[in-house]
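Undergrad: Would you mind keeping the following structure in view while I ask a few things?
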Amino acid sequence: MWAGLSLLLTLCLLHGGGAESEGGGPRCQPPSDWRIGDVEPMKGSVGRVTVVALLQANGLQQKLERQGLKNVVYMVVNHQGEQSRHLHPLLEAKLSKNIILYKQDGQQPDVWQTLAGEKDDFFIYDRCGRLTHRISLPYSIIGQGHIAQAIKDTYCKRLCGDCTHEDESSCKLVLMSASY
């Protein structure tokens, strides 16, 4: 499975970016404005924890749902480069139907640049749309647990203060069924 994931990431998302871990935007700030075509994905995710991945995130979503993390939006933004756009159908076929995949138009501003993101970055937002975590390589390797822990913390803790969309009852189920 990991060999297939590595191959898929290399084929679909490689664009020559570095693998450094950097801080990104300030924590608890609203997301940068970005769109794919006429869609503004972050506007439709208010009220739910949102994970924006600049890579393939299939197994993670399924694992966390089994642990009780429901009503989480998972989205992948494919790279804007020509090769990534050409191989987009391959990535789409590999993703779960519960993960939204966005294909960038070469004529619009690059979402990766707007987010100041690199290949393999994860951006995690709370239910009010505030950035709680930006995770870059080497911490964004899914099997290490950093991504899952950040999603659980965002789901269960008020990292950025009170939010009118919080749902404490769903977190109790997660804490009972999942081991940190």
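Undergrad: Closer than 27 Å to PRO26 by Cα, over 14 Å from the mean Cα position of the chain (by Cα), at pLDDT 85 or above and of a type in the set (A, V, I, L, M), is that true of VAL52?
TA: Here the answer is no, as VAL52 does not meet what is asked.
Undergrad: Taking the range 28-44, which residues are over 18 Å from HIS133 (Cα atoms), of a type in the set (D, E, K, R) and either surrounded by 15 or more Cβ atoms within 10 Å (Cβ to Cβ) or in contact (Cβ under 8 Å) with a residue 40 or more places away in the chain (or both)?
TA: ARG35, the sole residue that qualifies.
Here is a yes/no grid of residues against (1) in a loop (DSSP other than H, G, I, E, B); (2) modelled with pLDDT of 90 or more; (3) of a type in the set (A, V, I, L, M):
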{"residue": "LYS63", "(1), (2), (3)": "no, no, no"}
{"residue": "PRO109", "(1), (2), (3)": "yes, yes, no"}
{"residue": "ALA116", "(1), (2), (3)": "yes, yes, yes"}
{"residue": "TYR155", "(1), (2), (3)": "no, yes, no"}
{"residue": "LYS172", "(1), (2), (3)": "no, no, no"}
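Undergrad: So which of GLY129, GLY81, GLY68 ends up being modelled with pLDDT under 90, in contact with a Ser or Thr (Cβ under 8 Å, 6 or more places away or on another chain) and buried (at least 17 other Cβ atoms within 10 Å of the Cβ)?
TA: GLY68
Undergrad: State the number of residues belonging to the range 91-126 that are touching a Ser or Thr at 6+ places or on another chain (Cβ under 6 Å) and hydroxyl-bearing (Ser, Thr, Tyr).
TA: 2
Undergrad: From ASP162, ASP110, grab the single residue that is surrounded by fewer than 13 Cβ atoms within 10 Å (Cβ to Cβ), out of contact with any strand residue (DSSP E or B) (no Cβ under 9 Å at 6 or more places or on another chain) and either closer than 19 Å to GLN29 by Cα or not hydrophobic (A, V, I, L, M, F, W, C) (or both).
TA: ASP162
The values are calculated or read from the model by the stated rules, or taken from the named source; none is laboratory data. What you see is a predicted model, and the numbers here were worked out from it, not measured in a lab. Counting neighbours? That spans all protein chains shown, and the Cβs are built from the backbone with ideal geometry, glycine included.
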